[in-house]
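I have placed the structure first, in the form of structure tokens, so that the comments after it can refer back to it.
The values are calculated or read from the model by the stated rules, or taken from the named source; none is laboratory data. These numbers were taken from a predicted model, which means no experiment stands behind them. Don't worry about glycine lacking a Cβ; one is built from the backbone with ideal geometry, like all the others, and counts go over all protein chains shown.
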Amino acid sequence: MPHLPSAGILLKHGFMLNYVWSFLIVTGIIAAALFGRLDAMVTGVFDICIKVVMVIALPLAGTIMLWLGIMRVMEKGGMMNVVAKLLSPLLRILFPEVPKDHPAMGAITMNIAANMLGLGNAATPMGLKAMTHLQELNPNKQSASNAMCMFLALNTAGFTLLPMTSLNYLNAGGVQNPQSIILPTILATICSTTAGILAAMFFQRLPMFRPRPDDVVATAPTTSDAQPAASKSGEASAKPYRMPPVRAILVYGAASAFMFGALLEFLPEQRARVLEATGLQKLLTEADSDAKAAAAREKELKAQAPVVVDQPKKEESVWRKQLLKLSTLTIPLILIGVVLWALARGIPVFEEMAEGAKEGFGVVTRIMPFLLVMFVAIVCFRDSGALMLIEYALRPVLSVIGMPVDLFPLAIMRPLSGSGSSGFLNEIIFNPASTDHLRYTAAILFGSTETTFYVLAVYFGSVSIRRTRHALAAGLCADAVGMTAAIALGWLLFARV
């Protein structure tokens with residue numbers, strides 16, 4: 001078998017996530033330079049730096065502290081073991097590396113249950129707790145274990161029984177019978193979950209995804225070893241680095257494209273002619289007008305909100321009332337159940353709750369850098385016009401496979417960003433030109449998967465995993481299958497609506 005000279009380097013650094021992130025950054029910057037959107041992209045990058053800390057991380061810290069406190073009380077009272085036994089037969093198949101009575105089983109069960117009920121704020125802290133326990137069992141602390149990759153595949157697949165976010169968006173948009181998406185969304189998430197499980201099981205057997213030993217941290221050499229170490233260091237530094245031919249072509253090509261775009265900054269008239277001749281100017285204008293229209297609609301809805309509150313409320317359907325009641329009761333039931341269970345076992349509830357909550361802020365400080373670098377790449381890719389360019393290039397292919405072109409931005413953004421994908425979903429729902437078939441299908445697609453890159457950044461960042469192995473590949477397989485199932489179910493059930 002021929003040896004791949006760069007395979008070891010790629011695997012050592014967890015090449016998949018690194019290359020995806022680099023693609024988003026490089027493509028975004030080049031597209032922004034070519035389209036004259038560097039100012040907008042840079043503004044978006046600095047805005048997201050503030051948003052990650054002030055809007056995402058700090059509010060998340062409070063939620064994480066609350067739920068980590070609850071889970072510590074559950075652990076001390078033995079409640080986690082009871083919860084783990086409920087799904088023990090299935091979890092033993094999916095996580096053979098985890099001992100039967102290990103606390104990780106209970107945390108995994110709680111996370112899956114929270115995801116099924118659509119309790120996103122509760123699911124994340126439970127997932128972080130599960131990752132902490134799985135890291136305790138992980139022999140290679142810098143590489144994701146098979147159990148971690150399987151757990152991430154389940155989370156990115158996003159199996160749910162109550163797609164509350166999609167239902168709320170459809171209801172706000174005045175779409176009739178929004179409950180129609182519940183069954184197809186469940187079926188789509190079953191498909192994505194099955195695909196994620198099978199992909200994780202398959203990829204973990206491949207040699208390219210085998211776990212690697214941790215890097216040895218270099219220590220200061222002794223006096224006797226100083227001279228040989230310096231000699232070896234000099235020999236290593238004397239060896240020139242040679243880029244593989246393919247990498248050299250990509251690097252120099254990207255640099256040349258950016259230099260051309262940077263040159264166009266000083267030649268705006270020539271840039272306008274190029275964009276006009278290629279038809280890209282029309283696409284950019286349409287994208288900008290759609291964004292402005294969406295912002296105007298959002299302001300209009302916010303302005304009307306107080307008036308709507310004062311008016312008599314429209315009678316809600318029975319199914320929606322029951323779902324809202326179930327959603328409202330879930331968290332209070334968990335809280336009172338945990339407290340009463342702990343009191344019955346003689347657990348000092350307040351002290352244990354506070355002790356568990358202490359971990360929350362430390363978790364947030366660990367995941368904040370990972371969130372920041374991921375969102376910076378997403379903003380570069382989104383605000384530069386690169387997403388629009390890819391959509392334009394793939395339109396003929398999308399027409400052949402029968403995928404609605406309007407769904408493509410949502411499908412691309414869904415694994416990257418929850419807020420970005422919800423923006424595209426709202427654009428489809430509130431657009432008067434959208435058909436009900438398109439609205440239903442978009443809602444099913446939104447609920448069929450999770451934000452894969454966000455989940456990977458948060459969960460692996462919380463335990464300082466550097467090599468994600470096959471977690472991203474399994475997550476993207478789950479996304480692809482879930483989205484395909486969503487589009488197919490939307491076509492089968494709502495094509496004539």
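Counting only residues that are touching a Gly at 6+ places or on another chain (Cβ under 8 Å) and not charged (D, E, K, R), which one in the stretch 459-480 is farthest from SER166 (Cα to Cα)?
So the first thing to find is which residues in the stretch 459-480 are touching a Gly at 6+ places or on another chain (Cβ under 8 Å), and the list is 459, 466-469, 474-475, 477-478.
Among the residues that remain, those that are also not charged (D, E, K, R) are: 459, 468, 474-475, 477-478.
Working: TYR459: 24, THR468: 30, ALA474: 24, GLY475: 21, CYS477: 22, ALA478: 19 Å.
This residue is THR468.
Could you go through the stretch 354-372 and let me know if any residue there is part of a loop (DSSP other than H, G, I, E, B) and either loosely packed, with under 15 Cβ neighbours inside 10 Å or free of Cβ contacts under 8 Å to residues at least 60 places away in the same chain (or both). Show your work before the answer.
First, pick out the residues of the stretch 354-372 that are part of a loop (DSSP other than H, G, I, E, B): none.
Scanning the stretch 354-372 turns up no residue that is part of a loop (DSSP other than H, G, I, E, B) and either loosely packed, with under 15 Cβ neighbours inside 10 Å or free of Cβ contacts under 8 Å to residues at least 60 places away in the same chain (or both).
Just a yes or no: is a residue in the stretch 165-175 crowded, with 24+ Cβ neighbours inside 10 Å, in contact (Cβ under 8 Å) with a residue 24 or more places away in the chain and either outside any helix (DSSP H, G or I) or of a type in the set (Gly, Ala, Ser) (or both)?
Looking for residues that are crowded, with 24+ Cβ neighbours inside 10 Å, in contact (Cβ under 8 Å) with a residue 24 or more places away in the chain and either outside any helix (DSSP H, G or I) or of a type in the set (Gly, Ala, Ser) (or both), one finds at least one in the stretch 165-175, hence yes.
Of the residues SER317, SER256, which is surrounded by 12 or more Cβ atoms within 10 Å (Cβ to Cβ), polar (S, T, N, Q) and at pLDDT 55 or above? Break it down into steps so the answer makes sense when it comes.
On the way: SER256 fails: surrounded by 12 or more Cβ atoms within 10 Å (Cβ to Cβ).
SER317 is the lone residue from the list that is surrounded by 12 or more Cβ atoms within 10 Å (Cβ to Cβ), polar (S, T, N, Q) and at pLDDT 55 or above.
If THR484 satisfies all but one of (1) more than 24 Å from PRO213 (Cα to Cα); (2) of a type outside the set (Gly, Ala, Ser); (3) out of contact with any Cys (no Cβ under 9 Å at 6 or more places or on another chain), what's the number of the condition it fails?
Exception for THR484: condition (3).
I'm checking my understanding of the structure. Among residues of the stretch 66-103 that are surrounded by fewer than 16 Cβ atoms within 10 Å (Cβ to Cβ) and under 23 Å from MET353 (Cβ atoms), which one is farthest from the chain's Cα centre (by Cα)?
Within the stretch 66-103, the match that is farthest from the chain's Cα centre (by Cα) is GLY78.
Looking at this structure, is ILE25 assigned to a helix (DSSP H, G or I) and touching a Cys at 6+ places or on another chain (Cβ under 7 Å)? Show your work before the answer.
Numbers: assigned to a helix (DSSP H, G or I): yes; touching a Cys at 6+ places or on another chain (Cβ under 7 Å): yes.
Here the answer is yes, as ILE25 does meet what is asked.
Across the stretch 430-456, what is the number of residues that are farther than 17 Å from GLY196 by Cα, buried (at least 22 other Cβ atoms within 10 Å of the Cβ) and not aromatic (Phe, Trp, Tyr)?
Total meeting the criteria: 5.
Return yes when LEU137 is surrounded by fewer than 24 Cβ atoms within 10 Å (Cβ to Cβ), without any contact (Cβ under 8 Å) to a residue 60 or more places away in the chain and closer than 27 Å to GLY461 by Cβ and no when it is not. Let's see the steps before the verdict.
Numbers: surrounded by fewer than 24 Cβ atoms within 10 Å (Cβ to Cβ): yes; without any contact (Cβ under 8 Å) to a residue 60 or more places away in the chain: yes; closer than 27 Å to GLY461 by Cβ: yes.
Against the criterion (surrounded by fewer than 24 Cβ atoms within 10 Å (Cβ to Cβ), without any contact (Cβ under 8 Å) to a residue 60 or more places away in the chain and closer than 27 Å to GLY461 by Cβ), LEU137 qualifies.
So if I check each of THR63, THR132, which one is under 20 Å from VAL455 (Cα atoms), at pLDDT below 85 and surrounded by 15 or more Cβ atoms within 10 Å (Cβ to Cβ)? I'd like the intermediate steps shown before the answer.
Values: THR132 fails: at pLDDT below 85.
Exactly one of THR63, THR132 is under 20 Å from VAL455 (Cα atoms), at pLDDT below 85 and surrounded by 15 or more Cβ atoms within 10 Å (Cβ to Cβ), namely THR63.
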